[in-house]
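Below is one structure, written out as structure tokens, with a few remarks after it.
The values are calculated or read from the model by the stated rules, or taken from the named source; none is laboratory data. Since the structure is predicted, the reported quantities are computational estimates derived from the model, not experimental observations. Virtual Cβ from ideal backbone geometry, glycine too; neighbours counted across all protein chains shown.
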Amino acid sequence: MPRSIDSTVLERGGVRLDVDGPRASITLDRPASSNAQTPSTWQALKAIGEGLDPEVLVVVVRGSGSDFSTGLDRRMLAGGIPGETDIAGIAGLGPQDGADVIAEFQAGFRWLRDPDRVTIAAVSGSAVGAGFHLALACDIRVVAEDAAFVMPEASFGLVPDLGGTLPLVRTVGYARAAEICVTGRPVAAPEALRIGLANSVVPVDELGSHADELARSITQSMPGAVRETLALLDAAAAGNAADEQVESERSAQLRRLTELAALARQSN
């Protein structure tokens, strides 16, 4: 456990972190509740993002048991859970304080799209609501044959608010994202693969090894090159104009060539 990450914060959030050199694994570890999430879960994810060693190049996010995550613990909407943020009471905080609380929740997800590292969601079973957002926060999604993605917030009179709407639209397009969100219907693994929501679909019992092998293969590339590439792709997805993008590519390549030349001099 990295010294800068408080283990009690992870335990309270039902999150387990394992680090092995350049690879880290984050496991939602509440299998009895199908890895339902609470504000403490999001605080734990935020703590990992803030304290993870910079040398970690790849992060795999998993769920313990048969489901990735069935989303927000429903007790949070029905009287709350002692010791947890009162979600139902956020509206009473006023516009600024309420927005600040939600921003803290979102911070647990947003760092997963930081180009400093590659993030992989290994999804089996249900990825509902906050679970769907967590998968969308990752760069790559590998899913088991039994996986199903659901965005049910509208059926509760709410909106998706944990950062997943932008990557969803970028991934599947506006019209399909709108239909998925406003109907709350499940997107099963075959459709997820067809529309680009999943990078690959594998048998349930092969999901863990498939994600681990993908993580291992990424660590074979030079970290600087991986990070620069992610930054370029993110800028392109954000809508860089063609001239801006090729200029960014030139600048990134010059930085890479400079570093490689320096390494070559050191080895001689």
Counted residues, the stretch 4-36 - those being part of a strand (DSSP E or B), of a type in the set (D, E, K, R) and touching a helix residue (DSSP H, G or I) at 6+ places or on another chain (Cβ under 8 Å):
2
Just the residues that are surrounded by 17 or more Cβ atoms within 10 Å (Cβ to Cβ) and acidic (Asp, Glu), please, taken from the stretch 151-168.
Glu153
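Here are Ala198, Ala178: which of them is modelled with pLDDT of 95 or more and crowded, with 17+ Cβ neighbours inside 10 Å?
Working: Ala178 fails: crowded, with 17+ Cβ neighbours inside 10 Å.
One residue alone meets the criteria, Ala198.
Determine whether Leu193 is surrounded by 23 or more Cβ atoms within 10 Å (Cβ to Cβ) and either out of contact with any Pro (no Cβ under 8 Å at 6 or more places or on another chain) or under 24 Å from Leu72 (Cα atoms) (or both). Steps first, answer last, please.
Values: surrounded by 23 or more Cβ atoms within 10 Å (Cβ to Cβ): no; either out of contact with any Pro (no Cβ under 8 Å at 6 or more places or on another chain) or under 24 Å from Leu72 (Cα atoms) (or both): yes.
Against the criterion (surrounded by 23 or more Cβ atoms within 10 Å (Cβ to Cβ) and either out of contact with any Pro (no Cβ under 8 Å at 6 or more places or on another chain) or under 24 Å from Leu72 (Cα atoms) (or both)), Leu193 does not qualify.
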Is at least one residue of the stretch 156-165 more than 23 Å from Val59 (Cα to Cα) and either outside any loop (DSSP other than H, G, I, E, B) or under 13 Å from the mean Cα position of the chain (by Cα) (or both)?
yes
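Could you pull out the residue among Val101, Val61, Val56 that is of a type outside the set (Phe, Trp, Tyr), in the same structural domain as Ile140 (by TED's automatic domain parsing), surrounded by 14 or more Cβ atoms within 10 Å (Cβ to Cβ) and in a strand (DSSP E or B)? Reasoning before the result, please.
Numbers: Val101 fails: in a strand (DSSP E or B); Val56 fails: in a strand (DSSP E or B).
When all the criteria are applied, what remains is Val61.
Report whether or not Ser251 is farther than 29 Å from Ala148 by Cβ, of a type in the set (Ser, Thr, Tyr) and either at pLDDT 95 or above or loosely packed, with under 15 Cβ neighbours inside 10 Å (or both). Show your work before the answer.
Values: farther than 29 Å from Ala148 by Cβ: yes; of a type in the set (Ser, Thr, Tyr): yes; either at pLDDT 95 or above or loosely packed, with under 15 Cβ neighbours inside 10 Å (or both): yes.
Criteria met by Ser251.
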Filtered residues of the stretch 180-212 (kept if among the charged types (D, E, K, R) and either closer than 16 Å to Val61 by Cβ or part of a loop (DSSP other than H, G, I, E, B) (or both))
Arg185, Asp212
